[in-house]
1. Going through A:Ala137, A:Ala149 one at a time, which residue ends up being among the small types (Gly, Ala, Ser) and either in contact with a strand residue (DSSP E or B) (Cβ under 9 Å, 6 or more places away or on another chain) or more than 21 Å from B:Ala105 (Cβ to Cβ) (or both)?
2. Determine whether the stretch A:16-23 contains at least one residue that is without any contact (Cβ under 8 Å) to a residue 24 or more places away in the chain and either charged (D, E, K, R) or within 14 Å of chain B (Cβ to nearest Cβ) (or both).
3. Can you find a residue in the stretch B:93-111 that is aliphatic (A, V, I, L, M), in contact with a Pro (Cβ under 9 Å, 6 or more places away or on another chain) and closer than 28 Å to B:His17 by Cβ?
4. Of the residues in the stretch A:98-110, how many are in a helix (DSSP H, G or I) and either at the interface with another protein chain (Cβ under 7 Å from one of its Cβ atoms) or touching a His at 6+ places or on another chain (Cβ under 6 Å) (or both)?
5. Does at least one position in the stretch A:91-109 carry a residue that is free of Cβ contacts under 8 Å to residues at least 24 places away in the same chain and basic (Lys, Arg)?
6. Which members of the stretch A:56-69 meet the condition of being surrounded by fewer than 16 Cβ atoms within 10 Å (Cβ to Cβ) and over 17 Å from A:Tyr15 (Cβ atoms)?
7. Please specify each residue of the stretch B:113-152 satisfying the condition of being surrounded by fewer than 24 Cβ atoms within 10 Å (Cβ to Cβ), assigned to a helix (DSSP H, G or I) and of a type in the set (A, V, I, L, M, F, W, C).
8. Here is a list: A:Asp103, A:Asp134. Which entry is under 28 Å from A:Arg161 (Cβ atoms) and not basic (Lys, Arg)?
Number of protein chains: 2
Amino acid sequence: MALFSKDIQTMDDLYLHTLEDIYYAEQQIEKALPQMIDKASAGPLHDGFQSHLQETRGHIERLEEVFRLLGEEPKGATCPAIDGIIKESNQISKEISDSSVLDAALAAAGQAVEHYEITRYGTLIAWSLEMGHDGCADILQRSLTEEKAADEKLTQIAEQRLNKAA
Amino acid sequence: MALFSKDIQTMDDLYLHTLEDIYYAEQQIEKALPQMIDKASAGPLHDGFQSHLQETRGHIERLEEVFRLLGEEPKGATCPAIDGIIKESNQISKEISDSSVLDAALAAAGQAVEHYEITRYGTLIAWSLEMGHDGCADILQRSLTEEKAADEKLTQIAEQRLNKAA
């Protein structure tokens, strides 16, 4: 979450700010994924990132729906956390030439991204219910379910690579 | 994960680098937690951060044990991901004056930290088993179990706050 021009006084402000944080994060992930798709060698990893790119575009649309439900204009708030996670992924990718090692690093980076999204959506769903935004909670839950499935898929891909290496 | 002076050529290099990444991250978390403890108003949140500070010190010692098992010198590698997560937590905290809203933001920030650690330890344990470092996997699993419990505790604290507010 980054600085607003105004202070965060209420739970409404914090809730809206966190929506803007994850909206920005999803957009950064949409920009970062094509490079991860290009770099991934193994078919399942490549395809997993490809399908998550489609999902990510759906998550952005869902967030726009949540903003509309709240009567707010969709906008992003710079999020140093996702910027750091993506920067780390880019840095490590540049360091690796071996395709199998690179795939392992990319899968790990993908899981770090998923876990950031899982924690933010989890928080937003709890706050939605607290604040009576049940419709928003339902929409956000659909994205959370997909993020958890994407993380699980990356775990399975890592395990398959592991069994192949053993 | 940040840049090594040398390239990452093998899984051994990637494994060691990721250990250095989480070693740095745990040290940054140890530095950040006292401020979060000071800012937390609600007793359970304050106490939760306090006990996690003790756990974090234990995680640092465990990582040093893992480095020793590998015959490596413990050292940290600058990790833009945890730097970003902590920066975001500090920024948002400065924006909030209401103690109840601040507690909600701090709990959310704590969960973002936990999820970063959960994903890194999960990856390292999988790689440890792949590479035959079963002793390292056992040590890292103890920290992962504590990170997951800390995340769960923060969820419970958020729910209690939620029920109180309802």
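1. Values: A:Ala137 fails: either in contact with a strand residue (DSSP E or B) (Cβ under 9 Å, 6 or more places away or on another chain) or more than 21 Å from B:Ala105 (Cβ to Cβ) (or both).
The unique qualifying residue is A:Ala149.
2. Taking the stretch A:16-23 as the starting set, the residues that turn out to be without any contact (Cβ under 8 Å) to a residue 24 or more places away in the chain are none.
No; the residues of the stretch A:16-23 include none that is without any contact (Cβ under 8 Å) to a residue 24 or more places away in the chain and either charged (D, E, K, R) or within 14 Å of chain B (Cβ to nearest Cβ) (or both).
3. From the stretch B:93-111, those aliphatic (A, V, I, L, M) are B:96, B:101-102, B:104-109; that's our starting set.
Then drop every residue that is not in contact with a Pro (Cβ under 9 Å, 6 or more places away or on another chain), which leaves none.
Checked against the condition, which is being aliphatic (A, V, I, L, M), in contact with a Pro (Cβ under 9 Å, 6 or more places away or on another chain) and closer than 28 Å to B:His17 by Cβ, the stretch B:93-111 yields no hits at all.
4. Filtering the stretch A:98-110 down to residues in a helix (DSSP H, G or I) leaves A:99-110.
Filter again for either at the interface with another protein chain (Cβ under 7 Å from one of its Cβ atoms) or touching a His at 6+ places or on another chain (Cβ under 6 Å) (or both), leaving A:101, A:104-105, A:108.
Count: 4.
5. Yes - at least one qualifying residue is present in the stretch A:91-109.
6. A:Arg57, A:Gly58, A:Glu61
7. B:Ile118, B:Ile125, B:Ala126, B:Trp127, B:Leu129, B:Ala137, B:Ile139, B:Leu144, B:Ala149, B:Ala150
8. Values: A:Asp134 fails: under 28 Å from A:Arg161 (Cβ atoms).
Going through A:Asp103, A:Asp134 in turn, the sole match is A:Asp103.
Rule-based calculations on the coordinates, nothing more; no lab input. No experiment lies behind these values; they were computed from the predicted model shown. Positions of Cβ are backbone-derived with ideal geometry, glycine not excepted, and every protein chain shown enters the neighbour counts.
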